[in-house]
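Read through the structure below, which is laid out as structure tokens, and then see the notes.
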Amino acid sequence: MLKQFRGLKEHGYFGIYRGEVVDNKDPSRSGRCKIKVYGIYDGVAKQDLPWADPCFPIGGSKGYGSVYIPVIGSKVFVVFEAGEIFSPVYLGASPLEGDIPAEIDVPNKYLIIKTKSGAQILVSDAENEGIKLETSGGLLFELDDICGRIRLRDKAGSFIELAGGDIIIQAKRKLHLNPGS
């Protein structure tokens with residue numbers, strides 16, 4: 001591996017760099033990725049790249065935290081711990097034009113987590129709006145402060161809604177009520 005790094009110094013890589021995820025199947029299952037850091041690892045084969053540690057916003061202790069492993073091809077920001085070329089750390093996304101979800105049409109209004117398949121969590125930071133969780137298949141859970149309602153919806157369009165003291169149940173086919181014994 002070291003011969004591919006010939007000509008590069010081992011120390012002194014400070015600052016923030018951009019790169020592209022080329023492998024995300026970390027054998028240690030700790031969220032690491034192999035990242036082709038532009039201008040640094042240009043001539044290095046994928047198998048020889050060092051694993052980049054993640055920098056997640058929450059965690060650092062066993063059994064809890066946030067984890068999001070970028071998909072292959074994702075553009076990310078990278079720093080080198082203590083400036084060491086063999087100690088990369090990826091910080092987060094480096095989106096290109098058109099990469100941001102279309103739902104973010106007003107700056108600082110929405111926090112969105114959206115998966116590649118389309119599942120999303122949308123939190124509105126505007127006064128009295130709400131939270132929406134939706135799967136890529138169309139299942140929905142919505143808390144809507146503006147309308148004062150809670151809604152559950154299936155992919156056929158059936159829903160249960162709690163609003164204004166009422167409970168509305170709309171079934172596309174049959175409605176079954178099965179009381180306990």
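Answer yes if at least one residue in region 18-31 is farther than 17 Å from PHE86 by Cα and not in a loop (DSSP other than H, G, I, E, B), and no otherwise. Among the residues of region 18-31, not one is farther than 17 Å from PHE86 by Cα and not in a loop (DSSP other than H, G, I, E, B), which makes the answer no.
If you filter region 125-137 down to residues that are of a type outside the set (A, V, I, L, M) and under 19 Å from the mean Cα position of the chain (by Cα), you find that the one that is farthest from ILE160 (Cα to Cα) is ASP125. Kindly evaluate GLY15 against the criterion of being in the same structural domain as PRO88 (by TED's automatic domain parsing) and either under 13 Å from TYR90 (Cα atoms) or modelled with pLDDT of 95 or more (or both). It is true that GLY15 is in the same structural domain as PRO88 (by TED's automatic domain parsing) and either under 13 Å from TYR90 (Cα atoms) or modelled with pLDDT of 95 or more (or both). Kindly check whether there is at least one residue in region 34-48 that is surrounded by 14 or more Cβ atoms within 10 Å (Cβ to Cβ), more than 23 Å from the chain's Cα centre (by Cα), at pLDDT 95 or above and part of a loop (DSSP other than H, G, I, E, B). No, because not a single residue in region 34-48 is surrounded by 14 or more Cβ atoms within 10 Å (Cβ to Cβ), more than 23 Å from the chain's Cα centre (by Cα), at pLDDT 95 or above and part of a loop (DSSP other than H, G, I, E, B).
Taking only region 19-29 into account, find how many residues are surrounded by fewer than 11 Cβ atoms within 10 Å (Cβ to Cβ) and not basic (Lys, Arg). Show your work before the answer.
To start, the set of residues in region 19-29 that are surrounded by fewer than 11 Cβ atoms within 10 Å (Cβ to Cβ) comprises 25, 27-29.
Still in the list and also not basic (Lys, Arg): 27-28.
Adding up the residues that qualify gives 2.
The values are calculated or read from the model by the stated rules, or taken from the named source; none is laboratory data. Quantities reported herein were computed from a predicted structural model and do not represent experimental measurements. Because the Cβ atoms are built from the backbone with ideal geometry, glycine has one as well, and the counts that use them run over all protein chains shown.
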